[in-house]
Amino acid sequence: MKMGRLARIAAGTSLALAAFAVQAYTETSGGYNLPTGVTDLSKEVHGLHMLIFWICVAIGAVVFGVMTYSIIHHRRSKGHKPADFHESTTVEILWTSAPFIILIGMAIPAAGTLIKMEDTRNSDMTVKVTGYQWKWEYEYLGEDVKFFSTLSAESNKARQLGSGIDPNTVPNYLVDVDNPLVLPVGKKVRFLVTANDVIHAWWVPEIAVKKDAIPGYINETWAKINTPGTYRGVCAELCGRDHGFMPIVVKALPEAEYKEWLAKQKGGDAAAAPAAAALPATVVAAAPAVTATDAAPAAAPVEVAAAPAAAAPAAPAAAKDLSKDELIKKGESVYTANCSACHQATGKGLPPNFPSLVGSKIVKGAAIEHIKQTLNGKGMMPPFKHLSDLDIAAVLTYQRNSWGNSSGVVQPAAVAAAR
Amino acid sequence: MAHHDHAHDDHAHDHEHHGPEKGIMRWIKTTNHKDLGTLYLFLAFTMFFIGGLMSLVIRAELFHPGLQFVDPEFFNQMTTMHALVMIFGGVMPAWVGLANWMVPMMIGCSDLALPRVNNWGFWILPFAFSMLIGTLFMEGGAPAGGWTMYPPLVLQTGNAFPFLIFAVHLMGISSITGAINVAVTILNMRAPGMSLLKMPLFVWTWLITAYLLIAVMPVLAGAVTMLLTDKYFLTSFFSGAGGGDPVMFQHIFWFFGHPEVYILILPAFGIVSTIIPTFARKQLFGYDSMVYAVASIAFLSFIVWAHHMFTVGMPLAGELFFMFATMLIAVPTGVKVFNWVATMWKGSMTFETPMLFALAFVFLFTIGGFSGLMLAITPVDFQYHDTYFVVAHFHYVLVPGAVFAILAGVYYWIPKWTGRMYNETWGKIHFWTSAVFINLTFFPQHFAGLAGMQRRVPDYAVQFVDWNVQSTVGAFGFFIVQFIFIINMLACCYGWFGRKQGLPDRVWDGAHGLEWTVPSPAPYHTFEEPPVISDNELTAVHDAVDALDHHKLS
């Protein structure tokens, strides 16, 4: 019978829902439900999520149950004659007020959690998070440490259209970065979130923080992480072509190890970037999931602690002239992190919005124009003032000597002069 | 009766001078509500097709992780255009088309109050959408900043930008003219005896929809005009550097946008409230409370807009207010669902295709309502916001919600429009395949979103692949089976497969309402003389309506 089918579908869906509910409740995996997370608030948020979910399941069971019963029994093919009732003030009042009371029951704990989430007072430290098209910058306020965090080189290579690389072979595909944000556990960390160009949103599910990064305005939020580990997130607000390719990685360390890490970073971004650049190679073996509670808390500190030690001697002096080869070598990595999203690894761009750099007027022309456009931006191209003189000199030298271009070297001093 | 004869003469006279023209000029020049209703519906289904193709590009790219088919920039153009085309080109014109066809027949008047405005309102739309869709072929491509057009991102749009803004303006003008026309008609041209609280629910929901449209479309026009001047005339409404605020755009946009989502769903409530009583053979339960519930939802829609932007950084008091106000919407929405279920209770149900779609609407719209309630909880919304959980939520209320109601309405009334019955077997096949595929498309997206997949991305981390494979298979399946519907309906229009006219006036035995007192197909002009209305026709289940027969026009 036709309605037998509808009933079965209804029953099937209810069963599926119930099965989901049971699975979600047992929380054996992070693959289909909100993560419980690693802060007190993320646990409260998860609890609220499950509470409301169960209330919805209960209401759904009653409503769909009555509806299904009616569909099965009150049908003409069974000879059921229509009743003629069509209103009842009592019933209407009942089913207006009952949901109202249930809603109050939901609203009270929700408001309590929200009030705690918005209380950014008495923080132990502050990190300024700035969104760029398409990367993040982290600045440890008062510590003189800041650095950029971009999609890891491996993911970046694999995600190009027609790259031929199977994403399954790339560890933490699209959720891995060159320089993760390193934070201490057990400290109330305040985040000041802003942006340089368009609106982004900084989201790490495991710490239940999502805040819009708005150019010209600063948002506040906070987290106090309980468990050391690696927690992965993404930009959650459409921010242009590479919105999907600016992930976030937070590494939470025990305080002592965090302090050790911080001490090694001091001395400015020139040192910080290469120091942290060694991280991905040691980190990649970790968890496959964005919502990775499984990044073994014990293993994480070891990796991070090891990295800066290995890389620290590589810190170059910023201001002196460098050889062409040195500049090109550094420039290639700066290019991959900052330019290749639009102008492509091949330098051919995606005309007309993202022009080709191969034989382009600006690349072949006077260096000063090239520097100025890079610093100040033009049209859709955002300004890159935030890069160091060395980085800009290197990337311009790389552009001017790649893909058949051959238009000389740009030294950091020239960039400094043009600022 | 002399009066009656006179009316008949007038009618013959009309036919001679105001009947449909032949050929293409009939459609270009028409001021007839039925012709314009047909045009609106053809436009809507064309746009559903185009927007559907765009969604297939999206789903094809998301089938597997990695970029296989399109550049991320083109992907963003597809998500942006899919939304604009489906909302402004698909659902809204479909509702105006159904209002054009049914409102005059339901309230017993001869046409809409402003027939020439009606023609103009329709013919703006093909130009608006040519302009919008044409940007895909421009240098630099179509807008890619999302249908919500948030600055500063939208200001990075290239040559397509002014075309986007003017297309939105034209759609807005069309919607406003349509809304004014429907509201004026309903308030002024009801047949004697049709008091407000006797109007069919579809008329009521459309009256309230019309008010929402008139209230918020100008707000959208203002917002996009400010975008235009920010880009070309050096103003800084939405730029912090010039003293403006990008978040202000979001507040203005969603002050339009939230009532807009009820514009998309309220007429669906009306259709479902019409179809369920017909096939349950039982009067709608709680008519008055249904009207009050719709009015309450409409009122609340004006004071909940900021729940679309909880992560934007509002004061705590603001977040609490918008959370509580949003949760309140569950009350009138619950009342509506309970009333529909009570209407079915102890009825004598049969399950023709329109009823199947209406029942699926109640079932699946309620699931969308549940996820909506979850989204209202601000601290948890921080986690859901801008993930596939939200995508699943709004597609549940828009596709098995609004679109299923449109399909139900077309199945329900096409015998009246064409005088030919659709093929019931194919109708049922269409329903069951649609119901399966739509759930396959959107149910897994809840899981993907909860597990951490953000919206509006062309590529994703590999652990989301299962959900995306299911979703893509569902989307292609849903798209393909809609051709069953298209062929079934065109067969009614053109009499394919030997479909004969000759249906009774009251096509469905449980149907009531004035549209079932006129012949099938409905003549080009109906109710040139106002009908005399018995309450019986509007509310009770009908055998006594033969009394009305002499008012039928032939």
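Counting only alpha carbon atoms, the long axis of helix B:160-188 and the longest principal axis of chain B meet at about 30°. Normalised radius of gyration (Cα atoms, divided by 2.2 N^0.38 Å) for segment B:37-83: 1.38.
Note on A:Ala417 and B:Glu21: the model spin-label points, each 7 Å out from Cα along the C-beta direction, lie 7.4 nm apart.
Dividing the radius of gyration of the alpha carbons in segment A:34-122 by their Kirkwood radius gives 1.21 for Rg/Rh. Distance between the pseudo-spin-label points of A:Lys128 and B:Leu234 (7 Å out from Cα toward the beta carbon): 3.0 nm. Largest first and in whole Å, the equivalent-ellipsoid semi-axes of segment B:72-223 read 35, 14, 12, each the square root of five times a Cα gyration tensor eigenvalue.
Given in Å, the Rg to one decimal and the Dmax to the nearest whole number for the Cα atoms of segment B:185-261 are 18.8, 61.
For the residues A:Val234, B:Val261, a 1.4 Å probe over the protein chains yields an accessible-area ranking, largest first, of B:Val261, A:Val234. Entry note: segment B:450-515 has Rg to Rh equal to 1.30, where both radii use alpha-carbon atoms and Rh is the Kirkwood radius.
Express the accessible area of segment A:77-230 per residue in Å², computed with a 1.4 Å probe while the remaining protein chains stay in the model. Each residue of segment A:77-230 exposes 40 Å² on average to a 1.4 Å probe.
Computing FRET efficiency as 1/(1 + (r/R0)^6) for B:Asn188 and A:Glu220, where r is the C-beta to C-beta distance and R0 is 41 Å, gives about 0.15. Here the Kirkwood formula puts the hydrodynamic radius of segment A:99-208 at 17.0 Å, using every distinct Cα pair. Each chain gives up part of its surface: B and A jointly bury about 8800 Å² of accessible area, both sides summed, for a 1.4 Å probe. Site pair B:Thr31 and B:Ala215 shows an inter-label distance of 3.2 nm when each label is modelled 7 Å from Cα along Cα→Cβ. Where only DSSP H runs of four or more residues are counted, chain B gives -22000 deg cm²/dmol as its mean residue ellipticity at 222 nm, each run worth -39500 (n - 2.57). Quick one: Debye curve from the alpha-carbon atoms of segment B:68-111 only, equal weights, vacuum; give me log10 I(q)/I(0) at q = 0.23, 0.24, 0.28, 0.34 Å⁻¹ to two decimals. Relative scattering, expressed as log10 I(q)/I(0), comes to -0.77, -0.79, -0.88, -1.03.
Toward the positive end of the charge dipole of the protein assembly as shown, with +1 on the Cβ of Lys and Arg and -1 on the Cβ of Asp and Glu, the farthest Cα among B:Leu364, B:Ala94, A:Val177 is that of A:Val177. Sparse packing (at most 11 other Cβ atoms within 10 Å of the Cβ) combined with a DSSP loop state is found for the following trypsin sites (Lys or Arg not before Pro) in segment A:89-186: A:Arg121.
The accessible-area loss of segment B:308-323 on complex formation, taken against its chain alone with a 1.4 Å probe, reaches 50 Å² or more at B:Thr311, B:Leu316.
Here chain B is treated with +1 on each Lys and Arg Cβ and -1 on each Asp and Glu Cβ, and its dipole about the Cα centre works out to around 520 debye. Taking the square roots of five times each eigenvalue of the Cα gyration tensor of segment B:60-143, the equivalent ellipsoid has semi-axes of 37, 16, 6 Å, listed largest first. Amide H contacts of A:Val193 (H built 1.01 Å from N, in plane; Pro and chain starts excluded): A:Val129, A:Asn219, A:Glu220, A:Thr221 sit under 5 Å, all sequence-distant by 5 or more or on other chains.
Spread over its residues, the convex hull of the C-alpha atoms of segment B:189-316 is 141 Å³ per residue. Legend: distances between Cα atoms for A:Lys210/A:Lys329; A:Lys211/A:Lys372; A:Lys43/B:Lys336; B:Lys29/B:Lys428; A:Lys348/A:Lys372; B:Lys34/B:Lys346; pairs beyond 28 Å are A:Lys210/A:Lys329; A:Lys211/A:Lys372; A:Lys43/B:Lys336; B:Lys29/B:Lys428; B:Lys34/B:Lys346. Between A:Ala366 and A:Ala61, residue separation times 0.36 nm minus the direct Cα-Cα distance comes to 102.6 nm.
With a 1.4 Å probe and every protein chain kept in, tell me what percent of the accessible surface of the protein assembly as shown is carbon plus sulfur. Answer for the protein assembly as shown is 66 percent, counting heavy atoms of protein chains only.
Between B:Glu528 and B:Thr46, the FRET efficiency estimated from the beta carbon spacing at R0 = 35 angstrom works out to 0.65. At a threshold of 50 Å², the residues of segment B:435-481 that become less accessible to a 1.4 Å probe in the full protein assembly than in their chain on its own are B:Phe447, B:Leu450, B:Ala451, B:Gln454, B:Arg456, B:Asp459, B:Val462, B:Gln463. Under the combined filter of DSSP loop state and at most 16 neighbouring Cβ atoms within 10 Å, segment B:56-157 retains these GluC sites (Glu not before Pro): B:Glu139.
Amide H to amide H, with H built 1.01 Å from N, A:Val182 comes under 5 Å of A:Lys251, counting only residues 5 or more places away or on other chains.
The Cα atoms of segment B:111-175 cover 45, 23, 13 Å along the three principal axes, with the biggest extent listed first. 3J(HN,Hα) along segment B:331-347, derived from phi through the Karplus expression 6.51 cos²θ - 1.76 cosθ + 1.60 where θ = phi - 60°, amounts to 5, x, 5, x, 4, 5, 5, 4, 5, 5, 5, 5, 5, 5, 4, 6, x Hz, with x in place of Gly and Pro. Mean projected area of the convex hull spanned by the Cα atoms of segment B:369-415, taken over all viewing directions: 3.3 nm².
The fraction of Cα-Cα pairs per 10 angstrom bin, counted from 0 for segment A:136-201, comes to 18, 36, 31, 14, 2 percent, rounded to whole percents.
Considering only the Cα atoms of segment B:336-471, their convex hull presents on average a projected area of 10.1 nm².
Ordered by solvent-accessible area of protein heavy atoms (1.4 Å probe), largest first, the residues B:Phe238, B:Phe321 come out as B:Phe321, B:Phe238. For the protein assembly as shown, the fraction of C-alpha pairs more than 48 angstrom apart is 29%. In the assembled protein chains, A:Cys339 presents an accessible area of approximately 20 Å² (probe radius 1.4 Å).
Per-residue 3J(HN,Hα) values for segment A:182-193, derived from phi via the Karplus relation 6.51 cos²θ - 1.76 cosθ + 1.60 with θ = phi - 60°, read 9, 10, x, 7, x, 10, 7, 9, 8, 10, 9, 10 Hz in sequence order (x marks Gly and Pro).
Measuring only protein heavy atoms, the 1.4 Å probe finds B:Ser239 accessible over about 40 Å².
What chain B shows is 31 Å² of accessible area per residue, with the surface traced by a 1.4 Å probe over protein heavy atoms. By its C-alpha gyration tensor, with a ≥ b ≥ c as the square roots of the eigenvalues, how is chain B shaped: rounded for a/c under 1.5, else prolate for a/b larger than b/c, else oblate? The shape class here is prolate. Between the Cα long axis of helix B:246-280 and the first principal axis of chain B there is an angle of about 30°, rounded to the nearest 10.
Around the amide H of A:Glu87, modelled in the peptide plane, lie the amide H atoms of B:Gly286, all under 5 Å away and 5 or more residues distant in sequence or on another chain. To the nearest 0.05, what FRET efficiency results for A:Leu375 and A:Glu143 with a Förster distance of 25 Å applied to their C-beta separation? Step by step, r from the Cβ atoms, then E = 0.40.
Sequentially through segment B:411-428, phi angles give Karplus couplings (6.51, -1.76, 1.60; θ = phi - 60°) of 4, 5, 9, 4, x, 5, 6, 10, x, 10, 7, 5, 7, 5, 4, 5, x, 5 Hz, Gly and Pro residues having no value and appearing as x.
The values are calculated or read from the model by the stated rules, or taken from the named source; none is laboratory data. Model, not experiment: these values are computed from the prediction. When we count neighbours, we look across all protein chains shown, and the Cβ atoms used for this are built from the backbone with ideal geometry, even at glycine. The protein model used for the area step is the full one, side chains on, heavy atoms only, and it has no ligands, DNA or RNA in it. Shrake-Rupley method; radii C 1.70, N 1.55, O 1.52, S 1.80 Å.
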